[in-house]
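S.K.: Pasting in a structure now, in structure tokens, and then I'll have a few things to ask.
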Amino acid sequence: MHLLRSLRLLLLPLAFACLAPAIVRADAASEARAALALGIDEVAAALRERPAQGDLVNLLDTLVDKHFAFATTTRLAVGPAWRDFTPEQQSRAIYLFSRIVIRTYADRLGGDAGPRVSYGQPAELKAGRVEIPTTAVTGGQTYSVAYRLELDKASAPARWRVYDVVAEGVSLIANYRSQFDPIVKKSGPAGLLETLETKLAEQASAVKK
């Protein structure tokens, strides 16, 4: 439930280190915070149009690809076994996982004005990665959610994108890692891909009904 709420805060508008993380340099902090706010605002504006379910899924596909680093999210969710995937299997896993996450939450998103979000001071996790704490008020409730972003230098120009969402100490990546581990250990990359394919097909079928 906590992860549902945290993703809803990203989509509705879209373990800490032992030592305190360093404060990010001012310009990088400003850029990362602006990128997160832009993603939240863009999704909020789109949802206010109250699109049909199929249109909403397509819209979120585009916006989440723009603001979410699913290649990193998938790799970290799979863990060390990622090296056992061929490049083709990696690409397929990224596609399937991203679409499953989007469709999992699309039918839970409302067309309201979105939460009021306050952004805290970004902290550096490592070079090119920051964590931004937020406080969001929606539906009369207040949530504390941290977003982890990485600087994607492969894009032109380089941009900050979310790769993990942490709510009350539980991360999106850690949650899926616990689900993926037993599947990969038992059936390898092919087994995980088969599981993801089945899940996505079930979601697509449910939308058509």
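S.K.: Assuming Y105 fulfils every condition listed in (1) out of contact with any helix residue (DSSP H, G or I) (no Cβ under 6 Å at 6 or more places or on another chain); (2) modelled with pLDDT under 85; (3) closer than 20 Å to A174 by Cβ apart from one, which condition is it?
M.R.: (1)
S.K.: Looking only at the stretch 132-149, which residues are more than 19 Å from T62 (Cα to Cα) and in contact with a helix residue (DSSP H, G or I) (Cβ under 9 Å, 6 or more places away or on another chain)?
M.R.: I132, T134, A136, T138, Q141, Y143, V145, A146, Y147, R148
S.K.: Another question, then. Out of (1) within 16 Å of L36 (Cα to Cα); (2) modelled with pLDDT of 85 or more; (3) under 17 Å from the mean Cα position of the chain (by Cα), what's the single condition that is false for I100?
M.R.: So the condition that I100 fails would be (1).
S.K.: Being under 14 Å from V130 (Cβ atoms) and basic (K, R) is the filter; apply it to the stretch 154-192 and report the residue that is surrounded by the most Cβ atoms within 10 Å (Cβ to Cβ).
M.R.: By that ranking, first place goes to R161.
S.K.: Going residue by residue through the stretch 113-126, is there one that turns out to be buried (at least 18 other Cβ atoms within 10 Å of the Cβ), modelled with pLDDT of 95 or more and closer than 26 Å to R83 by Cα?
M.R.: No - not one qualifying residue is present in the stretch 113-126.
The values are calculated or read from the model by the stated rules, or taken from the named source; none is laboratory data. Computed from a predicted structure; not experimentally measured. All Cβ positions, even for glycine, are placed from backbone atoms using ideal geometry, and neighbour counts span all protein chains on display.
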